[in-house]
Amino acid sequence: MRRFKIFVIILAVIIGLAGYWKYRENVYSKEVLKLEILGPPETTLLQVAEYAVKYKNNGNFNLEDAKLVFECPKNSLECLVAGKEESPEEKKSLRKEFLLQTIYPGEEKTFSFKTRLLGKENETKEAKATLSYRPKNLKALYSSSTTFTTQIRPVLLNFEFDLPSKAESGRELKFFLNYFSSLDYPLSNIGVKVEYPSEFQFLESKPQALEKTDFEIKSLNKTEGGRIEINGLLTGNAGEQKIFRAVFGIWKEGEFIVLKEAMRGVEIIEPSLYISQLINGKPDYFAQIGDFLHYEIYFRNLGGKPFENLSLIAKLKGGLFDLSTIKSDLGENTSGDNTIVWDWKKVPDLKFLDSGKEGKIEFWVNLKQVFISSRNKESDKEMKPGENLSVTNEIIFPDQTKKEFLTKINSKLILTQKGYIEDEIFGSPGPLPPRVGEKSYFTVIWQVENFYNKIGNAKLKAVLSPLAELTGKIFPENAAFTFDSNSRELLWQIGDLEPGQEKKVQLAFQIALTLKEEEKLATPLMTPAEISGEDKWTNQILSTKTLPLYTNFSEMFIGEGIIPYSTSSSTGE
């Protein structure tokens, strides 16, 4: 009986295994259908992206009632089926369906699609394909799906804040949002949305804003740009960081699609008031190399009792003082010494200073005339790029008190603006001089050198002649370069500038000029270029200008020997 039970169990197992293998032989596997998408792993904004959807039946079954669905990435501008005439409404649809009927064993086919992707820089976009079918002699409906991801590379669209890094609490703040397109595809239905920090009071804007935060831009073609100007009041505590954010995008079927983002912080400051020292009439004077400095030292008695028979010493610290130029009517100084002494016997305010009263002494001194440049190799050894130059005046009342006053020295900017033909950058053909009625091409090179201190938020401006136009050739291509089509102002937002001759930066762009009969050959192409930026050491806005750029021989050069973008050679001043 026991053996019989064992035999029955073994027989049942054998029958079950046989049935399982028979069942596997009759069940259709989805793996026999190969479905894939081929496309670009990377693309630029609004560039045509092509996708190919391929399928193949690798099985022995007919696949009936087959339907292919392809979905272009979300927010694509359009979705076109290659080789098919479509209506405008069909082109807008991002979902494409194809009734394939029967797919026979071994049959393979490819469908092609074209689209233009919308999205932010580095954003990924996913295309999807789904193929549904019913294997012959089976009632079950199967489907296979696959996806393909494409990343949007850096967008050829500049969108930047022109905003100071520091602002005083409670004072009016004016800033700009600049935009410029290098895209080969025209943009329309453009919107800009601004997010203000807390305690910012919007006052006005150009153009007028919708609900104070939204701006409309009708269209933007290649090499076109503009700016949004916003005025407001910003308040806060000293040291607080206020963050401004903005997005640039387009409206598509009621949805706002972001193409570019910008963000910038502003630190709230309270200006220091130096009530005991003025330099050249200012309590917070920032010096230049070679300056003539007039020091006025004020001392006030804040106590309840008078001071009598005081002496005062000024000690000038720092190798940039020209000690041989010290002058003082009542103070005593030994030639070449860095100290000046005032005695109560000569200064009445030092002999007796009553409670609440204020006294004053003064002296004059020059800063040395030194300058580091690529054409002046014998610079003062104490002058090194990036050292944050300064001089110090230490005021000492012996046996009473002392205090140091630091005077920061501004950096030095050198800007050159040159025009070339036959250059090594774009090879602009000229002709030079330009001929009436013939289009001439020139390459303009801006070069900036900075010495001593780091410069932040550097920007370079010039106005392009109405007779000239941009060709769209810019190098480097990713430079923050914009053009206001209305004012014709060119703007290069350089950003930070490190000090030192080897840190100079350059920008090149090509312009085209067509002269009319009544115009002279010595035609101005560009107004004087002006660079400005914030000295990160002194927190002062520095600026310098070039001469205008003309098309005559004295201002234009053949490009022979030019080494563009080098950090060790110069194109001249």
| request: First select every other residue whose beta carbon is under 9 angstrom from the beta carbon of Phe113; then total the charges, Lys and Arg +1, Asp and Glu -1. | output: +1
| remark: Taking Ile243, Ile531, Ile474, Ile190 and counting other beta carbon atoms within 10 angstrom, the fewest-first order is Ile243, Ile190, Ile474, Ile531
| Relative contact order for the chain: what is it in percent, counting Cα pairs under 8 Å that are at least 6 residues apart? | 10 percent
| query | What lysines could a cross-link reach from Lys96, if we take a straight Cα to Cα line under 20 Å and drop same-chain neighbours fewer than 8 places away? | reply | Lys34, Lys54, Lys56, Lys67, Lys74, Lys84, Lys109, Lys114, Lys125, Lys128, Lys252
| task | Determine the percent antiparallel among the DSSP beta bridges restricted to the chain, to the nearest 5. | result | 95 percent
| task | Multiply the residue separation of Glu296 and Met263 by 0.36 nm, subtract the distance between their alpha-carbon atoms, and state the gained length in nm to one decimal. | result | 7.6 nm
| note | Between the modelled labels at Ala82 and Lys357 (7 Å from Cα along Cα→Cβ) the distance in nm is 9.6 nm
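How would you rank Met263, Met526, going from fewest to most other Cβ atoms within 10 Å of each one's own Cβ?
By the 10 Å Cβ count, ascending, the order reads Met263, Met526.
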| field | Along principal axes, Cα extents of the chain, largest first, whole Å | value | 132, 91, 49
| task | State the extension gain, in nm to one decimal, for the chain segment bounded by Glu229 and Glu204, taking 0.36 nm per residue of separation less the distance between their alpha-carbons. | result | 8.2 nm
| query | Can you give the extra length, in nm with one decimal, that the chain gains between Glu498 and Glu404 once fully stretched, where that is 0.36 nm per residue apart less the Cα-Cα distance? | reply | 31.0 nm
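With charges only on Cβ, +1 for K and R and -1 for D and E, what is the dipole size of the range 142-230 about its Cα centre, in debye, rounded to 20?
220 debye
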| At a Förster radius of 60 Å, what calculated FRET efficiency corresponds to the Cβ-Cβ distance of Lys136 and Lys92, to the nearest 0.05? | 0.95
| task | Can you tell me which of 230-241, 61-72 comes out highest on packing, and rank the rest after it, using the mean Cβ neighbours within 10 Å? | result | 61-72, 230-241
| Taking neighbour Cβ counts within 10 Å as the exposure measure, how do Lys260, Lys360 sort from fewest upward? | Lys360, Lys260
| remark: The FRET efficiency for Glu108 and Arg153, from their Cβ-Cβ distance with R0 = 30 Å and rounded to 0.05, is 0.40
| Which part of the range 329-358 falls in the paramagnetic zone of Lys305, meaning amide N under 17 Å from the point 7 Å along Cα-to-beta-carbon? | 351-357
| said: Given a Förster distance of 51 Å, report the FRET efficiency between Thr146 and Thr514 from their Cβ-Cβ distance, rounded to the nearest 0.05. | reply: 0.40
| message | Run through the range 138-197 and list the trypsin sites (Lys or Arg not before Pro) located in a DSSP loop whose Cβ has at most 13 other Cβ atoms within 10 Å. | response | Lys139
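A short reminder: the numbers here are calculations on the coordinates, not readings from a lab. Just so we're clear, the structure is a prediction, and the values are computed from it rather than from any experiment. Because the Cβ atoms are built from the backbone with ideal geometry, glycine has one as well, and the counts that use them run over all protein chains shown.
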